[in-house]
Amino acid sequence: MRKKRIMIIGAGRSGKSSLGRGLDQESAAWDSAAQEAAAGNLWSRRTPALVYRGNIIEAPGAYLESPWMRHHLIAAAQDAFCVLMLVDFMGKRDIYPPGFAKVFRQPVLGVVTKCGLIHADD
């Protein structure tokens, strides 16, 4: 039997990799990625394809943004016991089509990211 994982989906730059590293306890990988990003290597932060890492399945934002790629997300969710749908609090656009969470057989949880970036007076 395959190992069941947590699948994380969301728009580009919504915090999927950061949340995945936090859930998977990869602090050493996070430190090296943060150092690479500080050095100006932004390509190290992009997820090019579906990534199976530890207990996480991370999907690139392009899979969700393209209507003809969403069926890959649905198929990959068969290896997951739970799907996390991330929404960027700072984002200005709706990325999920209506009723998209209903296509998954697994439990779907909504996660709002980047809430700490908003100041109380804004």
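What follows is calculated from the coordinates using simple rules that are stated; it is not laboratory data. As the structure is a computational prediction, the values presented were derived from the model and not from experiment. Virtual Cβ from ideal backbone geometry, glycine too; neighbours counted across all protein chains shown.
Here the calculated FRET efficiency for residue 62 and residue 101, from their Cβ-Cβ distance with R0 = 25 Å, stands at 0.80, rounded to the nearest 0.05. Of all lysines in the structure, those lying under 20 Å Cα to Cα from residue 16, and not within fewer than 8 positions of it along the same chain, are 4, 92, 114. Compared with the alpha-carbon gap, the fully stretched path from residue 23 to residue 115 is longer by 31.3 nm at 0.36 nm per residue.
Working from label points 7 Å from Cα in the Cα-to-Cβ sense, the residue 13 to residue 46 distance is 1.3 nm.
Here the gap between residue 3 and residue 55, fully extended at 0.36 nm per residue and compared with their Cα-Cα distance, gives a gain of 17.9 nm.
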